[in-house]
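Q: Structure below; questions to follow.
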């Protein structure tokens, strides 16, 4: 690999993995990342010159995902719940099912912003959508999650 291409992958790779995890679930991420890296290598000259290579490669991944998901269904899988140890975070048992009930855009935005700690502008840039689209998806997704989990607004 060339140094600049390797550096590019080091920068955008983890972001792409998290975005694909949020959108397609953990089962599909390894295959999807392999497809995207192979495509990026073949088109490395063009990819290195892009203003937003992560966003472009995310859209390449979306195209590859259609082929990969044609015959199998994937879902968001949260990290396995660990036994309680002091201050370790605990997941609501119904959260996984509630996330599955959101549409793909809402689930992706909510997971990127609230689970992975991305800012809304970062999520918008990667997803290739306007900031207000991410804001709406997060707002509506969180409202649906709260309703599904029976959490009252305060």
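The values are calculated or read from the model by the stated rules, or taken from the named source; none is laboratory data. None of these values were measured; they are calculated from a predicted model. A quick note on method: Cβ atoms are made from the backbone with ideal geometry, for glycine too, and the neighbour counts reach across all protein chains shown.
Per-residue answers, yes or no, for (1) in a loop (DSSP other than H, G, I, E, B); (2) surrounded by 16 or more Cβ atoms within 10 Å (Cβ to Cβ); (3) modelled with pLDDT of 90 or more; (4) not assigned by TED's automatic domain parsing to the domain that holds residue 16:
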| residue | (1), (2), (3), (4) |
| --- | --- |
| 58 | no, yes, yes, no |
| 63 | no, no, no, no |
| 75 | yes, no, no, yes |
| 100 | no, no, no, yes |
| 109 | no, yes, yes, yes |
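Q: Quick one: count up the residues across segment 130-154 that are at pLDDT below 90 and not in a helix (DSSP H, G or I).
A: 5
Q: Which residue is farthest from residue 47 (Cα to Cα), if the candidates are limited to segment 1-34 and must be more than 15 Å from the chain's Cα centre (by Cα) and surrounded by 18 or more Cβ atoms within 10 Å (Cβ to Cβ)?
A: 9
Q: All but one of (1) more than 21 Å from residue 54 (Cα to Cα); (2) assigned to a loop (DSSP other than H, G, I, E, B); (3) in contact with a helix residue (DSSP H, G or I) (Cβ under 6 Å, 6 or more places away or on another chain) hold for residue 118; state the number of the condition that does not hold.
A: In the conditions (1) more than 21 Å from residue 54 (Cα to Cα); (2) assigned to a loop (DSSP other than H, G, I, E, B); (3) in contact with a helix residue (DSSP H, G or I) (Cβ under 6 Å, 6 or more places away or on another chain), residue 118 misses (1) alone.
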